[in-house]
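None of the figures in this text is laboratory data; all of them are computed from the coordinates on show. Nothing here was measured: the structure is a model prediction, and the numbers come from that model. Using ideal geometry, Cβ is built from the backbone for each residue, glycine included, and neighbour counts are taken over all protein chains shown.
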Amino acid sequence: MKRTLFSPITIRGLELPNRIVMAPMGVRVAPPTGEVTGEAFQYFLERARGGAGLIMLPSGGWARADVAHPSVPIGRVPAYETGSAEGHRRLVAALREAGAKVGIQLQHRGRQATTQLFGYRPVAPSAVPWSPRAEVPEALSVAEIRNLVERYGRAAARARETGLDLVEIHAAHGYLVSNFLSPDSNQRDDEYGCGVEGRARFLLEIVARIRSEVGTGFPVSVRINGSDFTDTGLTLEDSKKIAALLERHGVDLLSVSAGINGSYPLTIPPYYTKAACFAELSKEIKSVVAIPVVAAGRIHELEVAQRLLDEGWADLLAIGRALLADPELPNKWKEDAEPRVRKCLSCNYCIDSFWEGGGGCGVNAAMTRERELRPEPARRAKVIWVIGAGPAGLEAAWRASRRGHDVSLFDARGEPGGQWVLAAKPPAKEHFRSFLEYQWQEVQASGVKTHLGKKIEAREILESHPDAVILATGAEPATPSIPGLREAGQSRRGTCWEGRFPGVRTAS
Ligand SMILES: Cc1cc2nc3c(=O)[nH]c(=O)nc-3n(C[C@H](O)[C@H](O)[C@H](O)COP(=O)(O)O)c2cc1C
């Protein structure tokens, strides 16, 4: 069965070693200048070493500057011109050395940009904001549209010069090109609007411009929405027509995603969404084209991945968050070691922390900090007691043990997991248990001495004097400081509603 998943595929002369694509994901590992930092380097390298066949770099640095607002002169920011191109060159060489091929996505945020974020007003085919509260974008003139087409061509040429293997036009998710494709955001009555062909004109001109820059030997991919999942946006029927046009215009690969800001389902589907949630869309698009099609959206289990390929739903699979959670997922799948995978929970902490200025993963503390948290052997092995076998205690225990420390783990309860056991109880959150199972397996494999059902007293610590004690006895509930809350029944241990609402009792 795994034959398809780990069989190579050739796209316009580019041979990919397997069908696993690391989905483009803008994570905050690079500062705004677009330099490839040491953190970014290590973050991508671990995913290439982990076995992904194609790593899609997100838009950033020169790739973002090149396709900026038409009022920004091309090549305005020197750092994008030199530093980041050189950094990308070194990064691409290292990822290829690790066995992966490397592409980059060219993205313009269109009406989903903000002046606050970019320093200039968002632009779009028409002056229609994506929500009533969003900034109204400037409608592009024809001259500005042509300027943007040039910019995409220039960015693709630079991608090729930088040694990249493939470029992808981001035409999905409600960003600029997707704004042109969607009848909701494109209300133009000139040649760039009206029917499907008019709305697709901007994209097709970009494709043609890129092809004239990169030549016939270089693969060009387009990421499109199979559906916008809004009442008035792009439908699957329109997407199929656009897919056929793209194939006719020489596009080599179609990556199918879905959703825009404010749509339902969401582009980054949360934990309660079904597995392979957008695969029906890729299957439909695949039915109208002969070029390879990439599916995306919660493809996190080996069995699901295999089935999509074996049953012809797609030719390749874009895997996003599951590779943030475990960079080695492809190798583990290949080696039949799926139980050892640290599974993505689709908790979406990755995207929430992105907007808060960080870059994190709910189950992988080392995500984007791979360099800093590399497990170096301890210089001096210590005796360490970890008190509390919840997620923090389990993680601390196995990591310390792997570094060569002599670790004992205690919990008063007879089972590991602490409050996480409760977190995995609600319907649709049952799979949260997989994190505990992963941690418990690591604890056992790393040789931690476990003492469940054993409450540790301070006296015992003083008597045995281990070198270090890690107190991981659980989080306290956060109580907001709202005036009057305490008087309304707030106790130190949480909110007590007893007596305020008939029939509500606090647990004793
Ligand atoms: C942190 C984060 C950033 C993302 N950035 C991009 C992006 O720049 N371009 C893009 O096409 N998709 C982006 N996506 C969407 C992913 O490529 C992917 O389609 C989505 O996460 C669903 O796949 P998954 O369930 O395997 O994570 C992003 C997703 C995440 C979680």
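Of note:
- Over the chain: helical MRE at 222 nm, DSSP H runs n ≥ 4 each giving -39500 (n - 2.57), nearest 500: -9500 deg cm²/dmol
- With at most 15 neighbouring Cβ atoms within 10 Å, loop GluC sites (Glu not before Pro) (DSSP) excluded, longest segment of the chain: 1-190
- Between the C-alpha center of the range 235-260 and that of the range 118-134 there is a gap of 24 Å.
- With respect to the chain, whose longest principal axis is taken over its alpha-carbon atoms, helix 391-402 is tilted by about 90°.
- Dipole-positive endmost among Gly388, Val293, Cys361 within the chain (Cβ charges, Cα centre): Gly388
- Computed from label points 7 Å out along Cα-Cβ, the spacing between Ala139 and Arg90 is 4.8 nm.
- For the chain, the calculated P(r) over all alpha carbon pairs, in 20 Å bins from 0 to the bin holding the longest distance, is 21, 49, 25, 5, 0 percent.
- Take the Cβ atoms of Ser481 and Phe118, set R0 to 22 Å, and the FRET efficiency comes out at 0.05.
- The fewest-to-most ranking of Ile319, Ile456 by surrounding Cβ atoms within 10 Å reads Ile456, Ile319.
- Cα long-axis angle, helix 142-161 against the chain (0 to 90 degrees, to the nearest 10): 60
- Beta bridges by DSSP in the chain, antiparallel share as percent, to the nearest 5: 10
- Structure note, pairs Lys332/Lys449; Lys101/Lys283; Lys286/Lys334; Lys241/Lys343; Lys334/Lys449; Lys274/Lys425: Cα-Cα distances above 29 angstrom occur for Lys241/Lys343; Lys334/Lys449.
- Coil-residue trypsin sites (Lys or Arg not before Pro) of the range 399-490, DSSP, other Cβ within 10 Å capped at 12: Lys455
- Signed unit charges on C-beta, dipole axis of the range 4-355, positive-most listed residue Asn225, Val102, Leu176: Val102
- Counted charge near Gly362, where neighbours are those whose Cβ lies closer than 13 Å (Asp, Glu -1; Lys, Arg +1): +1
- Angle between the chain longest axis and helix 433-445 axis [Cα atoms, degrees, rounded to 10]: 60
- Potential extension, Asp336-Ala458 segment - 0.36 nm per residue separation minus Cα distance: 39.5 nm
- At most 13 other Cβ within 10 Å, DSSP loop - chymotrypsin sites (Phe, Trp or Tyr not before Pro), the range 204-274: Tyr272
- Only Cα pairs under 8 Å and 6+ residues apart enter the sum, and on that basis the relative contact order of the range 4-355 stands at 16 percent.
- Between the residues Ser59, Leu471, Pro8, the greatest Cα displacement towards the positive end of the dipole of the chain, with unit charges on the Cβ of Lys, Arg, Asp and Glu, is found for Leu471.
- Near Pro416: Cβ cut-off under 12 Å, other residues only, Lys/Arg at +1 and Asp/Glu at -1. The net charge is -3.
- Under a model in which nothing but the beta-carbon of Lys, Arg (+1) and Asp, Glu (-1) is charged, the chain shows a dipole of about 780 debye around its Cα centre.
- For Ser287, neighbours were defined as the other residues whose beta-carbon sits under 14 Å from its Cβ, and their charges (Lys and Arg +1, Asp and Glu -1) total -2.
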